[in-house]
Protein chains: 2
Amino acid sequence: MYGEVNMKVKIEDVAKLAGVSKTTVSRVLNSRGYLSEKTINKVHAAMDELNYRPNVIARQLFKQETKLVGLIFPTVNDPFYSQLIAEMEKRLFNNGFKVLIGDSMNDPKKEELYLQQLMAHQVDGLIVGAHNQGIPEYENSNLPIIAFDRIVNPKIPVISSDNYQGGKLATELLIDNGAKVIIHTNGPKTLESPTQERRIAYQDVMKEHGLEPLTYYIDFDDRKKKDLLFRKIFRDHPNVDGMFISNDMDASLVLNIATELGYRIPEDFKVVGYDGTYITRTLLPRLTTIVQPIDKMAETAVTMLMARINGDNSEGNKVFPVELWRGKSV
Amino acid sequence: MYGEVNMKVKIEDVAKLAGVSKTTVSRVLNSRGYLSEKTINKVHAAMDELNYRPNVIARQLFKQETKLVGLIFPTVNDPFYSQLIAEMEKRLFNNGFKVLIGDSMNDPKKEELYLQQLMAHQVDGLIVGAHNQGIPEYENSNLPIIAFDRIVNPKIPVISSDNYQGGKLATELLIDNGAKVIIHTNGPKTLESPTQERRIAYQDVMKEHGLEPLTYYIDFDDRKKKDLLFRKIFRDHPNVDGMFISNDMDASLVLNIATELGYRIPEDFKVVGYDGTYITRTLLPRLTTIVQPIDKMAETAVTMLMARINGDNSEGNKVFPVELWRGKSV
DNA sequence: AATAATATGTCAACCGGTTATCTTATTTTT
DNA sequence: AAAAATAAGATAACCGGTTGACATATTATT
């Protein structure tokens, strides 16, 4: 049936067996030009007999397109990014694209390396959610790129949730439920990201209510260090009665620590998270959180990237409304 | 500095600017053959000036290797797979490989499509954790493949946790803590996967203790359907006082439903999960579960794949010991 | 000074497809 | 019947690198 192993059967072998030229086989493959029924059948028969699989690499080289999209994100091992990536991957696949992933681990060096290497792999486009700045490749390249939650470059569109609204909702909810000493945690302040809008909203709302805003900037990923930091926050602010945490994983840590320290939740201490992913809402439904419409954001990212790959740069930044998930932590 | 946009600078442009031949530039690129300091500098200067990036596609075509590895798993959006994939990706990257992902969504058709397409993309190897059977491409291909938790083909090595031991630990823990009516859930029975060892251990231990084993096979992903099924289990077995659930996400669902139905945990009802991922242990530390050494398994998968890519097929199946995570759900 | 060894570099074929261009056969139009 | 349109297929150049084979220059050996 299929000869031995499919030792690199090439188009020429098919052509020889079918008694036609390479061109004809290629035409059958791509349904181009005039072809008789008879020829088509002969070629198909030969392809089947040889178990022929075209070598995409050769096609890519000639066509100057790879049907590959690179995704650069801090890590797949996170409820938010894994959901985002899964959704984008599904849609990219439906558009005929494969996905090359790069986990930057929040390391600018690694991000730059990935970027260079994915570009060397001739990806047709890029969707980035890694949070580093000042990487020159983003500046001078005409590769279609879509960014998540960050401002890479004025020419690169940013997709984000309505972070200000999210921060406002979260802070107001805490205040409305009686919290007075409310602490906020966010990513590194230096990062020029729409995410910082959450902090600004938090500060605005706090001041509006005559309360003192206090933000901690978390610029590392290490879980143990986070644990220590949160414990320190509780020590330094024994009267804290609310926190607005910029992502659900951290919020979960805080919830665990608070419980361990004897705070009753939500009576003594209230927490609002951010993201509201499938995973966190399944595993930790009691966490009150701001839900980003991840699926819609993923869909838009892919649609916009497809448009840009096709030369349509008309669409710009997109901001998505957030929703409050009423768990039991407020 | 860099001319306009880096409009496809090719090796020939560099050669021309440096006043040498293509070969010489290629040699500089690959540090092959004899080269004078002077030439090397000239070439580097030219590459910098033109902001040259080699086109990997062309190299791939000639070298017949892509430095690409395909990962086919049900989905990235899952604590277990996302951790596994993140770990493998990191290690593959360190070995000079990029990762092409494919989410099969437990759909055999999609899995086969991915497989064909990744092969067409000329990946140098494949690591699969998708759970479908009878896909012919796995049979007749000499592509290096490593499988997770499934038996694809006798020639393809399988990496798995000690599923029998895990099932035994879980069941004994439940029994030792006084549970009598213990139900087990697992993946589809038809699936010839090492995962079924968990069920066999469960059955063995139950019988050993004179208890009646009862297994539900869950062969779908839909969360709502799962919710309904679990509620039905509670209705059909009102005296159930323990469950051994084959993954932490499902265990979490059960925990939530049980709590909602008024069971006190662990007094009235005990649950043991399986996987013990970073995410579930962070978000749901109270869940008692069997921990797979995901990181080590990922490391081994990558090491074995690298060996096979280098023609060393000596290593075979690998089984990893599991550990019990003592949460508060038993 | 002749010979060998070593250093430096070029030429052209090759990887496996795609496609513009051209030739030849067949059918339709005038 | 001649001219035009349509169908079928072949040739060869091309995509952008890599590398074996070969040519020439420089240095070391006898």
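Please list the three semi-axes, largest first and in whole Å, of the ellipsoid equivalent to chain A, using sqrt of 5 times the eigenvalues of its alpha carbon gyration tensor. Could you put the intermediate results ahead of the total?
Details: eigenvalues 534, 76, 58 Å².
Over the Cα atoms of chain A, the ellipsoid semi-axes are 52, 20, 17 Å.
Using all alpha carbons of segment B:205-329, what is the percent of pairwise distances in each 5 Å bin, ordered from the shortest bin to the longest?
In order of increasing distance, the bins hold 2, 9, 17, 17, 18, 13, 9, 7, 5, 3, 1, 0 percent.
Based on the alpha-carbon gyration tensor of segment B:213-287 and its eigenvalue square roots a ≥ b ≥ c, which shape applies: rounded if a/c is under 1.5, prolate if not and a/b is larger than b/c, or oblate?
Oblate shape, in that a/c is at least 1.5 and b/c is the bigger or equal ratio.
Mind checking which of A:GLY327, B:TYR216, A:LEU29 is farthest towards the positive end of the protein assembly as shown's charge dipole, using Cβ charges of +1 (Lys, Arg) and -1 (Asp, Glu) about the Cα centre?
A:LEU29
Shortest first and in nm to one decimal, what separations exist between B:ASP312 and its copies in the other chains, measuring from label points 7 Å along the Cα-to-beta-carbon line?
5.2
Apply the Karplus curve 6.51 cos²θ - 1.76 cosθ + 1.60, θ = phi - 60°, to the phi angles in segment B:24-34 and return the couplings in whole Hz, x for Gly and Pro.
After applying 6.51 cos²θ - 1.76 cosθ + 1.60, I find 4, 4, 4, 5, 4, 4, 10, 6, 10, x, 7 Hz.
Roughly how tilted is helix A:163-176, in degrees to the nearest 10 and between 0 and 90, from the longest Cα axis of chain A?
30
Rounded to the nearest 500 deg cm²/dmol, what is the calculated helix-only ellipticity per residue at 222 nm for chain B, with -39500 (n - 2.57) per DSSP H run of length n ≥ 4? Don't skip to the answer; put the middle values down first.
Working: 13 runs with 148 residues, N = 330.
Value at 222 nm, helices only, nearest 500: -13500 deg cm²/dmol.
Distances longer than 45 Å among the Cα atoms of the protein assembly as shown: what percent of all pairs is that?
Summing the P(r) tail past 45 Å for the protein assembly as shown gives 27 percent.
Any idea what the alpha-carbon Rg over 2.2 N^0.38 Å comes to for segment B:11-54?
Its radius of gyration relative to the 2.2 N^0.38 Å reference: 0.97.
Of all the accessible heavy-atom surface of the protein assembly as shown, with the other protein chains kept in place and a 1.4 Å probe, what percent is carbon and sulfur?
Working: 14840 of 29760 Å².
C and S atoms contribute 50 percent here.
With heavy atoms of protein chains only and a 1.4 Å probe, what residues of segment B:265-286 have at least 20 Å² less accessible area in the full set of chains than alone?
Residues meeting the cut-off: B:TYR278, B:ILE279, B:THR282, B:LEU283, B:LEU284, B:PRO285.
Can you bin segment A:186-251 into rounded, prolate or oblate? Criterion: square roots of the alpha carbon gyration tensor eigenvalues sorted a ≥ b ≥ c, rounded for a/c under 1.5, prolate for a/b above b/c, oblate for the rest.
Oblate, since a/c reaches 1.5 and b/c is not below a/b.
Between segment A:105-132 and segment A:224-292, what's the alpha-carbon centroid distance in Å?
Here the answer is 32 Å between Cα centres.
What is the average number of partner chain Cβ atoms found within 10 Å of a Cβ in A:307-319?
0
Given springs between every Cα pair under 10 Å in a Gaussian network model of chain B, which of B:LEU68, B:LEU169, B:LEU29 has the largest fluctuation?
Greatest mean-square fluctuation among the candidates belongs to B:LEU29.
Please give the net charge around A:PRO213, taking every other residue with its beta carbon less than 9 angstrom from that of A:PRO213, where Lys and Arg add +1 and Asp and Glu add -1.
Neighbourhood net charge equals 0.
Between A and B, buried accessible area summed over both sides at probe 1.4 Å, in Å² to the nearest 100? Please list the in-between numbers first.
Values: alone 17590 and 17560 Å², together 29760 Å².
Buried area (both sides, nearest 100 Å²): 5400 Å².
The values are calculated or read from the model by the stated rules, or taken from the named source; none is laboratory data. All of these numbers come straight from a predicted model, not from anything done at the bench. Please note: Cβ atoms are built from the backbone with ideal geometry, for glycine as well, and neighbour counts cover all protein chains shown. Note: areas computed on protein heavy atoms with side chains; ligands, DNA, RNA excluded. Shrake-Rupley method; radii C 1.70, N 1.55, O 1.52, S 1.80 Å.
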